[in-house]
Amino acid sequence: MSRPRYTLNECVGDPKEWTYTWDIADDVTLSATCDFCGQDGQRLTYEVERNGETLWICQRCVGRYPVSGILDGERLDLRSTRANIHGLTARQKQKTCQDAIRQVQPALPEVTFSEIVVYFERNLQLSPRYAAPLFAAIAQLEERIDPRIFEVQTRSIAHQDEFGELDEAGKMAVWPALTPQQKRRLGSRGFAPISGMPRPRQRTRRESGLELTRSRMSALSEPANLNLGAEDAIKSNS
Ligand SMILES: [Zn+2]
């Protein structure tokens, strides 16, 4: 580990002295940084204020530190403060997803677009069938939007099968939005996309090493494991 995790930045002082402004930033590229603990790669950050100075803090720090909450001039207890943050977060996430969906309207057939909208409004998540065309369209946008802002349903067998029935392009569109756990689950059912694998003729020494590691470890798709494989390959080549 390059730095100790979750250490409070020294300039913060006592977290209780900070108060939420109730402003939330939703970074669709998942690259916000927490001013309290320094963690980057964040989606949601929350503005906090102390004597006119403002910082943005991550969800973990919201749960970890007793930052003050004041609503309509009244000081909330910790539980109400977090409940308020929770409600604001849910609304913000929903709005961000709705905005993202709206952006791809011109790129999708009208029927598909309306079905996606209806499905998302009802579930606040996407089934693989709707995630595939949506994410493919989002990838074409000029503005970068990470598909991980959406939750894809894969818990039920029906949804897993739905993923399994996608064509290769559809699987590839949805795959980056899945959590490592979801990838493992779908991989164990033999549904992982194969297009990401290097083709035999184009293989470099490093890639062939990577693929060996991959098949040995079966159904692995996490970036961490792939990196591990690549490192092994480099070591064995040197
Ligand atoms: Zn933090």
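The values are calculated or read from the model by the stated rules, or taken from the named source; none is laboratory data. Remember, it's a predicted structure, so these values are computed and weren't measured experimentally. Here Cβ is always computed from backbone atoms with ideal geometry, including for glycine, and neighbour counts include all displayed protein chains.
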Within region 51-60, of all residues that are near the ligand (Cβ under 8 Å from one of its atoms) and in a strand (DSSP E or B), the one surrounded by the fewest Cβ atoms within 10 Å (Cβ to Cβ) is Cys58
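Okay, residues lined up against (1) more than 10 Å from the ligand (Cβ to nearest atom); (2) closer than 26 Å to Arg144 by Cα:
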| site | (1), (2) |
| --- | --- |
| Trp18 | yes, no |
| Ile24 | yes, yes |
| Asp27 | yes, yes |
| Asp35 | no, yes |
| Glu49 | yes, no |
| Val62 | no, no |
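So that you can scan it fast, the table gives a plain yes or no per residue for (1) closer than 26 Å to Ser156 by Cα; (2) surrounded by fewer than 17 Cβ atoms within 10 Å (Cβ to Cβ):
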residue	(1), (2)
Thr45	no, no
Lys93	yes, no
Gln105	no, yes
Pro109	no, yes
Ala132	yes, no
By residue number, the members of region 126-150 that are touching a residue at least 60 places away in the same chain (Cβ under 8 Å) and among the β-branched types (Val, Ile, Thr) are Ile145, Ile149
Counting only residues in region 64-89 that are more than 19 Å from Ile149 (Cα to Cα) and aliphatic (A, V, I, L, M), the one nearest to the ligand (Cβ to nearest atom) is identified as Val67
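What about Asp14, is it away from the ligand (no atom under 14 Å from the Cβ), on the phi < 0 side of the Ramachandran plot and outside the structural domain of Arg144 (by TED's automatic domain parsing)?
On the way: away from the ligand (no atom under 14 Å from the Cβ): yes; on the phi < 0 side of the Ramachandran plot: yes; outside the structural domain of Arg144 (by TED's automatic domain parsing): yes.
Yes: the conditions hold for Asp14.
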Only unsatisfied item for Asp99, checking (1) within 16 Å of the ligand (Cβ to nearest atom); (2) without any contact (Cβ under 8 Å) to a residue 60 or more places away in the chain; (3) closer than 19 Å to Leu124 by Cα, is (1)
Pairs returned, first residue in region 33-44 that is within 16 Å of Leu8 (Cβ to Cβ) and among the aromatic types (Phe, Trp, Tyr), second residue that is more than 6 Å from the ligand (Cβ to nearest atom) and outside any loop (DSSP other than H, G, I, E, B), beta-carbon separation under 8 angstrom, 6 or more apart or interchain, are Phe36/Val12; Phe36/Pro15; Phe36/Leu55
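Out of Thr29, Thr21, which single residue is surrounded by fewer than 17 Cβ atoms within 10 Å (Cβ to Cβ), among the hydroxyl-bearing types (Ser, Thr, Tyr) and under 23 Å from Leu124 (Cβ atoms)?
Thr29
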Condition check for Ala131: of a type in the set (Gly, Ala, Ser) and in contact with a strand residue (DSSP E or B) (Cβ under 9 Å, 6 or more places away or on another chain)
yes
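Output the number of residues of region 1-50 satisfying the condition of being among the hydrophobic types (A, V, I, L, M, F, W, C) and part of a helix (DSSP H, G or I).
Total meeting the criteria: 2.
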query: Just to be sure, is Tyr130 assigned to a helix (DSSP H, G or I), touching a helix residue (DSSP H, G or I) at 6+ places or on another chain (Cβ under 8 Å) and closer than 26 Å to Gln42 by Cα?
result: yes
